[in-house]
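The values are calculated or read from the model by the stated rules, or taken from the named source; none is laboratory data. Predicted, not measured: the structure shown is a model, and the values here were computed from it. Virtual Cβ from ideal backbone geometry, glycine too; neighbours counted across all protein chains shown.
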Amino acid sequence: SIPFFAVYISVLLGNGTLLYLIKDDHNLHEPMYYFLAMLAGTDLMVTLTTMPTVMGVLWMNHREMSHGACFLQAYFIHSLSIVESGVLLAMAYDRFIAIRTPLRYNSILTNSRVMKVGLGVLMRGFLSLVPPIVPLYWFPYCRSHVLSHAFCLHQDVMKLACADITFNRVYPVILVALTFFLDALIILFSYILILKT
């Protein structure tokens, strides 16, 4: 448990310090740092969502969780992963604008536009996971209630359901293809254009 606890504390301190510095230093109130703050906040939330459960298992052998808490944890873990992918895409866009059109950078990435991009990233992450997570609450569970991880993941929970889980199998595959794969392609393409510039 000591290595996990050390990582947990370092993530909390590192991301907390970064968020504090960006908030406190007015020289860092620029789009790139806002996106960096979103990335740090996302990383902090993922850690706060998963590590207490892991530490509970390692320190107190606490191996039980209510259905509601499990579904909520799965929702946040997966939503925050999509948010993180979106923030990385926004950061790539920020660098693309800064390098391709440096003289128009401040007029293109205004504070209101950065807020809209950030809100869009959050909405995409948190709304896109509602369809597969909500049905988990109503599925009957007649198989073993033992998960293969110390925290709840959608793919583990749905395997325990005694119901038709076709939608819950297909939707995440489509979602991953439309978010992570597409985001990665756009980021790669933007960096190719940056290198070309």
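Descriptive notes on the structure:
- Applying the condition of being assigned to a helix (DSSP H, G or I) and in contact (Cβ under 8 Å) with a residue 40 or more places away in the chain to the stretch 185-197 and asking which residue is surrounded by the fewest Cβ atoms within 10 Å (Cβ to Cβ) yields Leu193.
Residue by residue, here is whether (1) among the aliphatic types (A, V, I, L, M); (2) closer than 22 Å to Ile186 by Cα holds:
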| position | (1), (2) |
| --- | --- |
| Val11 | yes, no |
| Thr17 | no, no |
| Lys23 | no, no |
| Ser85 | no, yes |
| Phe96 | no, yes |
| Ser107 | no, no |
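- Among the residues of the stretch 137-153, the one identified as surrounded by 13 or more Cβ atoms within 10 Å (Cβ to Cβ), more than 19 Å from Phe76 (Cα to Cα) and at pLDDT below 85 is Tyr141.
- Scanning the stretch 129-140 for residues that are outside any loop (DSSP other than H, G, I, E, B) and among the aromatic types (Phe, Trp, Tyr), we see that the one that is farthest from Leu89 (Cα to Cα) is Trp138.
- Residues that are more than 19 Å from the chain's Cα centre (by Cα), surrounded by 16 or more Cβ atoms within 10 Å (Cβ to Cβ) and touching a residue at least 60 places away in the same chain (Cβ under 8 Å) number at least 1 in the following helices (runs of 4 or more DSSP H) confined to the stretch 1-119: 31-60, 67-100.
- Positions within the stretch 141-178 being part of a loop (DSSP other than H, G, I, E, B) and touching a strand residue (DSSP E or B) at 6+ places or on another chain (Cβ under 7 Å), in sequence order: Leu160, Cys162
Listed here are the residues, each with its yes/no results for (1) within 18 Å of Leu127 (Cα to Cα); (2) touching a helix residue (DSSP H, G or I) at 6+ places or on another chain (Cβ under 6 Å).
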| site | (1), (2) |
| --- | --- |
| Tyr75 | yes, yes |
| Gly86 | yes, yes |
| Tyr93 | no, no |
| Asn106 | no, no |
| Leu109 | no, yes |
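- Taking the numbered list (1) of a type in the set (Asp, Glu); (2) touching a residue at least 24 places away in the same chain (Cβ under 8 Å); (3) loosely packed, with under 12 Cβ neighbours inside 10 Å in turn, Asp164 passes all entries but (2).
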